[in-house]
Amino acid sequence: ECYVTGNNTYGQLAIEQEQANRPIQWSALRDSKIVGVFCGSYHSFVITSKNDVYAFGLNIKGQLGIGSY
């Protein structure tokens with residue numbers, strides 16, 4: 001299970017709300033086994049047991065590694 005909380009101004013929590021004042025389960029990964037979570041100030045990464053990597057948040061300097069800004 002993956003839960004997120006805090007400020008989401010730049011999409012760093014990958015939820016629709018701008019703020020999460022309590023932990024909210026990230027439903028997109030409900031059926032995945034999470035093996036790692038990595039966070040920056042305005043971006044986050046999650047890796048699953050299948051080696052799928054999810055990146056979300058602010059990307060003005062290419063932090064997400066998606067090939068665009």
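The values are calculated or read from the model by the stated rules, or taken from the named source; none is laboratory data. Keep in mind that this is a model prediction, so the values were computed, not measured. Backbone-built Cβ (ideal geometry, glycine too); neighbour counts: all protein chains shown. To get the accessible areas, we keep the full protein, side chains included, count just its heavy atoms, and leave off ligands, DNA and RNA. Shrake-Rupley method; radii C 1.70, N 1.55, O 1.52, S 1.80 Å.
Could you check how many residues of the stretch 19-41 are among the basic types (K, R) and assigned to a strand (DSSP E or B)?
Just the residues of the stretch 19-41 that are among the basic types (K, R), to begin with: 22, 30, 33.
Filter once more, so that each one left must be assigned to a strand (DSSP E or B): 22.
Total satisfying the criteria: 1.
For the stretch 42-57, name all the residues that are polar (S, T, N, Q), in contact (Cβ under 8 Å) with a residue 12 or more places away in the chain and either open to solvent by 70 Å² or more (accessible area, probe 1.4 Å) or not in a strand (DSSP E or B) (or both). Write out each step before concluding.
Restricting attention to the stretch 42-57, the residues satisfying the condition of being polar (S, T, N, Q) are 44, 48-49, 51.
After this cut, where a residue has to be in contact (Cβ under 8 Å) with a residue 12 or more places away in the chain as well, the list is 44, 48-49.
Across the stretch 42-57, the qualifying residue is only S49.
If I filter the stretch 15-41 down to residues being surrounded by 12 or more Cβ atoms within 10 Å (Cβ to Cβ) and touching a Leu at 6+ places or on another chain (Cβ under 9 Å), which single residue comes out as nearest to L64 (Cα to Cα)?
Step by step, filter the stretch 15-41, then rank; the result is G40.
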